[in-house]
């Protein structure tokens, strides 16, 4: 059976390659834009990979920056800061250069800007551009500009696990005689994406996805049109006084993200200074396949002198567990669901069961020089069914009811090479959230950052994502300090220290608790072809003592230590090697350890690119599981968990059939030692191996 599936995938791949080649013959060839390894760029931002990080949003944010490069002639301070590459001194230097010399004529002009060294420029190039003519000089209609736009891409992807998961096996008989639930759809995962865009002018596209186990169904009454998830957007930019107009699915990034946060925020990472600040990018089209965290409707930003006025409205159905009414009680939502899976009858019953309506706006004042801005934000969210969570000691202050209102103020001020920023907000429950920080360049070689935050235990926001230790901005106070030091051009030292306190109970923490963590990272690049870095991170937190017989859960300290050593070697123009060693220890009542050793190889031969990895891992328990980015097909990512004992390897093939058409094929396999099964629940596999295959085609129309 597995062999038959593989043969079918190969047949599909061959057909798509032939099709792309044939179509390309009859169309003018356009050289594809040089690509960047987004996996490597993400690893430079993130200090550690862990399960609660939203890698979908991370990759999508990077992809947005890459596919929508900033025009340096109109890029604002906020947009330049959102790249997480430039220091405050470099941003100031760029703005002063542009003010003095006028529009940049070429991307190569970056070399003439004081403070811009070659490594910085190389990091910047994939995300910026310089247009010879502004959008205003193109007097053609929007429809004609769309029809002739060269940035016009269709992407198709299919992947599947070859081994049979429990969810696809015949159902068992339960004790009451009923049949156990199984997945209702096929085992394949389908993904399609189309995008046509011109930075600073327009963006139009759609995204479709069917997860493994889901069905392809046309059922408008349940808001399902073929694939289980469908998303589309139209974004117009710089239409006279209208800065942005969005229809369809979108996100908003306002202030520091206390009330409105678009996508992924790096926060604490290997880049310990620039990444703590959120840049106000405003309206952004939503193109990810995460089925939560976005708005659906319309939004617009209007420029009125030095003021930018933004308004938005969203009308969307969310997944939720709804307890139906009976003779004694009304219906209520026991939990909102974020996973986005609709594979079993139970999951299908929770699909799009609750109507969420969100509206609001923001008014921001920006000075002429762009060094000062201040604004006020309002957001109102309403559900057609009240939220009432199952009462637990730790969730007594969680949101309940139908309506939530948030009002906030945000600011940013640049003084010399220092940027002061912050936001304060209050929810209708009376809870307060505050975040404020400063980033500065003390010298060309030394940068630092400081941030404080406080989020009340009853502060509620559904679209917030400001800096914090928790995954949500609630029940937390803390202070963060980061530093970046370049003693020489080839050596970089980064470090941070973060201390935090939780005034109320948390999951698995039955009492107020506190903790801290810090990181040290040393990178040395003796030549252009060789990069070495080592990293140490230590985390102290409190949580319930495990396996207690007492009715009282006592809290004890946990200590997690993580070590990392990495060597990147560019042997020549076509061969790249990477060696990576990760080790960790975890101590609560006992000390346990875990490690992973990885060797990567990437080979480029004309139209071919071949990437592979072999990894060995051994972890004593779940607390020592390891995470590491793997190379994947373009527009996708892989961050597998290395857990228990075993080996993992993958092979990724990329072939440019024509300048317009590229194909990818990937196979990855994990083998465990002394294990009879892999996974859990309906994803459990009877056997110690798991093999995943993936095929993708991208075509520039």
Ratio for segment 202-281, C-alpha Rg to 2.2 N^0.38 Å, reads 1.50
On each of the three principal axes the extent of the alpha-carbon atoms of segment 485-631, given in whole Å and largest first, is 66, 35, 24
What the 5 Å binned alpha carbon P(r) of segment 557-701 shows, as percent of pairs per bin from 0, is 2, 9, 16, 17, 17, 15, 11, 7, 4, 2, 1, 0
Share (percent) of C-alpha pair distances in segment 218-341 greater than 21 Å works out to 54
If each part is reduced to its alpha-carbon centroid, segment 439-466 and segment 115-192 end up apart, in Å, by 31
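Hey, any idea what the orientation-averaged projected area of the convex hull of segment 421-559's Cα atoms comes to, in nm²? Before the final figure, lay out each step's value.
Values: hull surface 45.5 nm².
That works out to 11.4 nm².
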Quick calc, residue 651 & residue 686: beta-carbon distance into FRET formula, R0 25 Å, rounding 0.05, result 0.50
For segment 135-241, one quarter of the surface area of the C-alpha convex hull, expressed in nm², comes to 10.8
Descending packing, highest mean Cβ count within 10 Å first, for 278-285, 651-658 is 278-285, 651-658
Sorted largest first, the Cα spans of the chain on the principal axes come out in Å as 79, 62, 54
Assertion target for 442, 451, 234, ordered by fewest C-beta neighbours within 10 angstrom first, is 442, 234, 451
Here P(r) for segment 59-217, Cα-Cα distances in 10 Å bins, as whole percents, is 8, 26, 21, 17, 12, 9, 4, 1, 0
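Over segment 409-565, what is the relative contact order in whole percent, taking alpha-carbon pairs under 8 Å and six or more residues apart? It would help to have the intermediate numbers written out before the result.
On the way: 374 pairs, mean separation 20.1, N = 157.
Reported relative contact order: 13 percent.
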In whole Å, largest first, the alpha carbons of segment 77-129 cover along the principal axes 25, 20, 18
In vacuo Debye sum over C-alpha of segment 416-497, base-10 log of normalised intensity I(q)/I(0) at q = 0.10 Å⁻¹, listed in q order, is -0.33
In cubic angstrom per residue, the convex hull of segment 484-533 built on its Cα atoms measures 88
Its Cα gyration tensor gives segment 597-671 an equivalent ellipsoid whose semi-axes in whole Å, largest first, are 29, 11, 8
Expressed as a whole-number percentage, the relative contact order of the chain with C-alpha contacts under 8 angstrom and at least six residues apart is 11
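Compute the Cα gyration tensor for segment 328-402, then decide on rounded, prolate or oblate, letting a ≥ b ≥ c be the square roots of its eigenvalues: rounded whenever a/c is under 1.5, prolate when a/b is larger than b/c in the other cases, and oblate in all that remain.
Details: a/c = 2.76, a/b = 2.12, b/c = 1.30.
It is prolate, given that a/c is not under 1.5 and a/b is the larger ratio.
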Listing 208, 374 by rising number of other beta-carbon atoms within 10 angstrom, fewest first, gives 374, 208
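Every number in this text was worked out from the coordinates using simple rules, so none of it is lab data. No experiment lies behind these values; they were computed from the predicted model shown. FYI the Cβ positions are ideal-geometry reconstructions off the backbone, even for glycines, and counts take in every protein chain you see.
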